[in-house]
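No lab work stands behind these numbers, since they all come straight from the coordinates. Model, not experiment: these values are computed from the prediction.
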Amino acid sequence: MLRVSRDLTIDENDIEIGFVRASGPGGQNVNKLATAVQLRFDVLHSPSLTDEVRARLTRLAGKRLTRDGVLVITAQSHRTQERNRADAIDRLIALIRQAAVRPLLRRATKPTKASRRRRLEAKKRRGGIKALRGAKGFSE
């Protein structure tokens with residue numbers, strides 16, 4: 001079980017991890033070893049996620065989510081499978097933690113009387129400066 005937060009855990013059996021060949025530099029090993037990790041997590045059918053978290057995670061995942069609702073995370077920044085695997089799992093947990101936070105609702109407020117007065121005074125001052133520009137006579 002992977003602990004995401006105090007009240008949210010994910011079963012490791014819900015995560016599929018596959019290894020593929022990494023792109024980029026790697027010397028002689030680049031064509032021999034499959035060090036890149038491709039982590040797959042079924043967001044739509046996971047029993048660990050609530051409907052709220054699932055909806056926010058779907059929105060956050062963006063293009064990493066397939067049509068079937070599977071989140072695909074690829075990690076290839078390290079040279080070993082173990083470190084790439086840990087990196088992919090850390091990124092999944094971070095994404096789920098971000099989705100687990102309920103966004104704060106914006107409370108509508110009105111500008112204060114003083115701020116409206118300051119805004120109008122600034123507009124008058126700016127307008128006065130611009131009016132002075134055109135007041136000079138041009139010699140043609």
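Quick rundown of the values:
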read-out: Tensor-based shape of the range 76-140 (alpha-carbon gyration tensor, a/c under 1.5 rounded, otherwise prolate or oblate); value: oblate
read-out: Chain lengthening between residue 40 and residue 117 when straightened (0.36 nm per residue, less Cα-Cα); value: 22.1 nm
read-out: Hz values of 3J(HN,Hα) by residue in the range 88-105 - Karplus curve (6.51, -1.76, 1.60), Gly and Pro given as x; value: 5, 5, 4, 5, 5, 4, 4, 5, 5, 4, 5, 6, 6, 7, 6, x, 6, 7
read-out: Segment residue 98-residue 68, length gained on full extension (0.36 nm per residue, minus Cα span); value: 8.6 nm
